[in-house]
Structures are given as C-alpha cells and as structure tokens.
Amino acid sequence: MLAVMSRDLFSTDISRHIWDSKYRYRDGERVHDHTLADTWHRVARALAAQEGDAAARWAPRFYAILDQFRFLPGGRILAGSGTARNVTLFNCFVMGTIEDSLDGIFDALKQGALTMQQGGGVGYDFSTLRPAGTLTHRAGTIASGPVSFMRIWDSMCATLLSTGARRGAMMATLRCDHPDIEQFITAKQEARELRHFNLSVLVSDAFMQAVDEGDDWPLLFPAAALDGAEGEVLMRAWPGHDGEVPCRVIKRIPAQQLWQQIMRATYDYAEPGVLFIDRINHDNNLYYRERISATNPCGEIPLPPYGACNLGSVNLAALVQKPFTADARIDSEALRETVQVAVRLLDDVVDASRFPLPEQEAQAKGTRRLGLGVSGLADTLLMLGLRYDSDAGRQAAQQIMCELRDSAYRASVELAREKGAFPYFARDAYLAAPFVQRLPADIRDGIAAHGIRNSHLTAIAPTGTISLLADNISSGLEPVFAWSYRRRLLERDGSYGEYDVSDYAWRLWQAQHGAAPLPPYFVTALQLKPQDHLLMQAALQPCVDSAISKTINIPADYPFAQFQSIYREAHRLGLKGCTTFRPNPVTGAILQPPEPAISHCCSIEREAD
C-alpha cells in the first residue's frame, strides 16, 4: 500500500498561493476547483477518460497517486486537464527545422508564437541560418545571421507575455562549428539582450578532442547555400539535410581559443550552457530515425523537430518511512506502484492533449515519449540521514533512480502488451540502442516479445513551482537552497507578494527534535563544492534515457581555471550537458537569499513546470 503523509496539504501560505494562482480551475469569477482535491479529481477523470470502458477503474488510481502530492504531473497537465481551455498539456516543444529563407524564418516564428500562445515553451536550433555577412541566393542581399533573427523571436515572446500568456521560455542552440558561434556566445552579455532565451552551444566530441590536442577548429556552412568564391570544403552532417553534405570552411580558429570564449562567457554571465550533442544522439533510443540538435528550454528533454516533452515527477519525500531514525528507508513497493500508475497517466496525456500544430501531434503520438523524474531528492537524503555530497548519498540516489527507471520500463512493456507499441517502434533497432542494452535482461526480453509503449521514459526536470505546491520539498535533484527565506511571487492581479518559504525536511526535523542542533548531514547548496553537484548529476545520468536539468552553483570567487575543469569533467563523466550559475552583473547575485538560483531565463513564473 502507498504510504500516507500525515500533514495538512496547505501547511504553508506559499503552497496555497501556487495552487490558487497557477493550477486552480476558474472561468473568470466562476471557481470550479473549490479544493485541491477537486483539482486532483479533475485531472484524474480527464486522463482516465482515455481508458475507455476502464475509465472508472483508473480514475481512482490516478487520484491515489496525486493525493498527498505523491506524484507531481507537469504544470500544464495540472492546469489544463479537464478544462475547456484551448491549451496543450505538454510543457515544452522543440520546433521544426528553420528553413534558411525569409519565408521559412517567419513560418517558424509563427509556429513558435502559436505554440507559446497555447502554453508550451519552445526550443530552436538556429544552425540552419547562414552566417552574417554572406551573400544570399536569389535576393542578392547580405545575410544578417542567426543572432539577429533570434531578436525577432525574443520580441515575439515578450509581446505574447504582455497579453497574459503564461509561458515565455525559449531555448536557442547553435553548433560549435557555425561561423557565427562567437557572436552567439556573447549574445546575452548586454542586460536587455535576448532575455527570453536560454542559450546552449552544441559541442561535439570532435571539438572536445581538438581542444585536448590544441588543434585548429573549422567554422563552416553548407556550400550549396553560399555564393562567392570556392574554398576548403569538408563533409558534415547538418540539420535540415539527409546525411553529410559539403560544407565550405569560412575560417579556422584555435579550438582552445573558442573553448576559452565559451568558458569565459558562462563564468562571467552564466550563459551559454553546453550540450554534448554527440552523446545525446549516441544514447538516443530512437537513434535510428532521429537526429537531435535542440532541447526544451531547461535542457532535460533533447528532442527532434516538433518533439514534445510530457513531464511528471515522483515525490520521493512522500515515500520515506520512519524519517530521521536509524530505520529510515524508501518504501520501494510504494515507489514501484506509483511509477507504474504514473506511466499510464502520462501515456494518457498524449491522447488527452491538444496540440498547437499537427506536426507536434504526429511526433508525440508516433513516439509517445515520457519524461518521468523525481523531486524531493535532497529532502529524501536528509530524512535518510545521508549527506548530499557523500558517496553514500550518491549511491542511494542512483539506486532510487535506477529502480524508478526499471519500474517505468516494465510498466511501459505491460502497456505495450495491452495497447500496442509506439508507432515508430522498430524492434531490432530499438533493442540495439546503447541505453536499452544496459537495461536488465527481463526488460529487454519483454521489449523483444511485446514491444514498448513509450520510446523514452525518464528525465529529471526542474520542479520549482510544483515543489512549492507540494509543501516546498526540494526541487528535482537539486540540493536544498536554504532552510528558510522569503520569496517574491506574482499574484493573480499582477502585483507581487512576499512569502515565507522553509524546506519541508527541515520543518519535519524541527517538529521531531525541537531546537536540537542540525546533524552534520544537513547541508545547503551554498555549502557544497561545485564538483559535488556534478557528481550527483553523473550518478543519476545512467538511469535517465533523456537528460537532466541541473544548475551547478558557483561561488563568485571561484577560480576560473577550476571553473573550466567542471565542463571538461562533465564531458568525461558522460553527461549530456552542463549548466552553471555564478553571480554576475547581468543576472545579478541571485545565489544569495532571499532568492534561489534559477536555471537560465526560467523564473518561478515561467519555468518548465
């Protein structure tokens, strides 16, 4: 049986505010959700309706995992399920390949606007746009380059936000060999530039090798798109093309110089992030039909053109038995049961959701991709008496995440037996995927016999808002920011209010032990070394078929030489990306109370959940 958390669902004002302002269903002044239980019933019934004749059996099971915050669906699911609103239940999308023409660029802009209008964040790869200063075909004009067109997207996003649209986060990626990469790296160093974008460089293994060996690095673009004199040509796989195409080298620069530019920019301005794109594609379960070059705005879901992320998190803190005692443990049976039902719930989201574009619907229903992750990990380790930065803490976290992974894959195999595999499933190719080959033998045998319902099942997203809803458990896999602080949040009337915020596990300790000193395993984010953040991310990545959203906190006085080593170590450890935050003159010193660090542009009003 699932454990019950014996506590008031709204024991903090901020939890009630999050529900009331973001997830409570209203039509103008008419209130549909009078209680949080009404919200859960609305979501459970709307998704169980996809089960046909079995809806009456699944609605209470869906409600049971939502009850007491055991399972936290993505915010779009909570806000939109069972309402009459024309919104998507998917949190984020990667948009289609941008055609390198004025018509193609503005078609892509329109698609992004329609997607954000319905509540989805968007990601784009701008690598298909020719570099600034090159002559365009037909029109005979000079190309202005990817960064100039990104400013149009940024203005569109700001305009949509001014109309009351909730979402505004965007991700922009650019290849490390695009001729405009240096301009891209510095694009957000002015305080008002591209504020609605996260930026990430697509870093290849070949580039990392060139950095290691001190080689020059070619910056190039498909030759067929460029007019002018001939020059050195190299074959490269390029987005928007099938296979490798001839690319003309525009110039060469020392790889170490370019790496230094990336590192210095993210050290001084917290952007761009880095995506290790070859590892993303190598470990993609759908490597046989997809070439990925972008992610959703917070980076935890690498997606193909028109791909969508369907997110939910298991609240691990709800599953701890006998916290802060020698017998403290995770209820493994409850974890498996929660995951089994959550996979079905998220799978039903695919059929229940509206989609801004038909291409997005085709991708979502062709892959049935899920992103099931965790929240409350740091609080869970505290309740188990484990330090976040200890080997024992990392081992426990890895064991929990891998158990979640295996439970999710087994549930998806059972769903395939019942409902059929995802349409893009190709048995032999899928079983040959590196991640799938690392799964336990019984899961691989089940996939061989019955297929699998969902191409991907796990991701770890930032869960700032829904973690606040769930009585301020720690967010995602992040360490606790501070035991208590004040947080400034947007009210329904457009004003801002301040709320006292205190960590769930810290309050539970106080309730049990009064004013007794905190044990040494109580550590906050600012007490951890940057490498400790990195090692936790590395411990969980083998259990995650998509990726992990993680912001590594960097003290202001951290030496630059050591800072660079974090990214090299992230690549060595097999991570799919790395993002850091160090106080800087553009985004401010937000690592100090009262506000925790946020991932790139995604504030509490418009983050992934």
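Whether a residue is part of a helix (DSSP H, G or I), touching a residue at least 24 places away in the same chain (Cβ under 8 Å) and either in the same structural domain as ALA547 (by TED's automatic domain parsing) or farther than 25 Å from TRP509 by Cβ (or both) was assessed, and ALA416 passes this test. Just wondering, is there one or more residues in segment 379-387 that are at positive phi, of a type outside the set (Val, Ile, Thr) and either at pLDDT below 95 or assigned by TED's automatic domain parsing to the domain that holds GLY52 (or both)? Within segment 379-387 (the criterion being at positive phi, of a type outside the set (Val, Ile, Thr) and either at pLDDT below 95 or assigned by TED's automatic domain parsing to the domain that holds GLY52 (or both)), the answer is yes, since at least one residue qualifies.
For segment 355-378, the criterion of a residue being at pLDDT 95 or above, of a type in the set (D, E, K, R), outside any helix (DSSP H, G or I) and in contact with a Ser or Thr (Cβ under 7 Å, 6 or more places away or on another chain) is satisfied by at least one position. Please work out if GLU491 is modelled with pLDDT under 95 and of a type in the set (D, E, K, R). So GLU491 passes the test.
For segment 280-306, the set of residues classified as in contact with a Gly (Cβ under 6 Å, 6 or more places away or on another chain) and buried (at least 24 other Cβ atoms within 10 Å of the Cβ) consists of ALA294, THR295, ASN296, PRO297, GLY299, ILE301, listed by residue number.
Within segment 299-329, if we keep just the residues that are assigned to a loop (DSSP other than H, G, I, E, B) and over 26 Å from ALA237 (Cβ atoms), the residue that is nearest to the chain's Cα centre (by Cα) turns out to be ASN310. When segment 556-609 is filtered for residues that are at pLDDT below 50, among the β-branched types (Val, Ile, Thr) and touching a Leu at 6+ places or on another chain (Cβ under 7 Å), only ILE604 remains.
Restricting attention to segment 476-519 and to residues that are of a type in the set (Asp, Glu) and part of a loop (DSSP other than H, G, I, E, B), the residue that is farthest from LEU377 (Cα to Cα) turns out to be ASP493. All of PRO239, PRO246, PRO218 fail the test of being touching a Ser or Thr at 6+ places or on another chain (Cβ under 6 Å), surrounded by fewer than 22 Cβ atoms within 10 Å (Cβ to Cβ) and modelled with pLDDT of 95 or more, apart from PRO239. The number of residues in segment 98-146 that are within 25 Å of ARG76 (Cα to Cα) and touching a residue at least 60 places away in the same chain (Cβ under 8 Å) comes to 11.
Every residue, every condition in (1) surrounded by fewer than 24 Cβ atoms within 10 Å (Cβ to Cβ); (2) touching a helix residue (DSSP H, G or I) at 6+ places or on another chain (Cβ under 8 Å); (3) of a type in the set (Ser, Thr, Tyr), yes or no:
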{"residue": "ILE452", "(1), (2), (3)": "no, yes, no"}
{"residue": "LEU468", "(1), (2), (3)": "no, yes, no"}
{"residue": "GLY476", "(1), (2), (3)": "no, yes, no"}
{"residue": "GLN512", "(1), (2), (3)": "yes, no, no"}
{"residue": "LEU535", "(1), (2), (3)": "yes, yes, no"}
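The condition of being free of Cβ contacts under 8 Å to residues at least 60 places away in the same chain, surrounded by 21 or more Cβ atoms within 10 Å (Cβ to Cβ) and at negative phi holds for only one of THR88, THR35, THR39, that being THR39. The numbered conditions (1) touching a residue at least 60 places away in the same chain (Cβ under 8 Å); (2) over 21 Å from LEU311 (Cβ atoms) are all true for GLY464 except (2).
Counted as qualifying within segment 64-182 are the helices (runs of 4 or more DSSP H) with 1 or more residues that are not assigned by TED's automatic domain parsing to the domain that holds HIS196, namely 75-80.
The values are calculated or read from the model by the stated rules, or taken from the named source; none is laboratory data. Predicted, not measured: the structure shown is a model, and the values here were computed from it. Cβ atoms come from the backbone with ideal geometry, glycine included; neighbour counts cover every protein chain shown.
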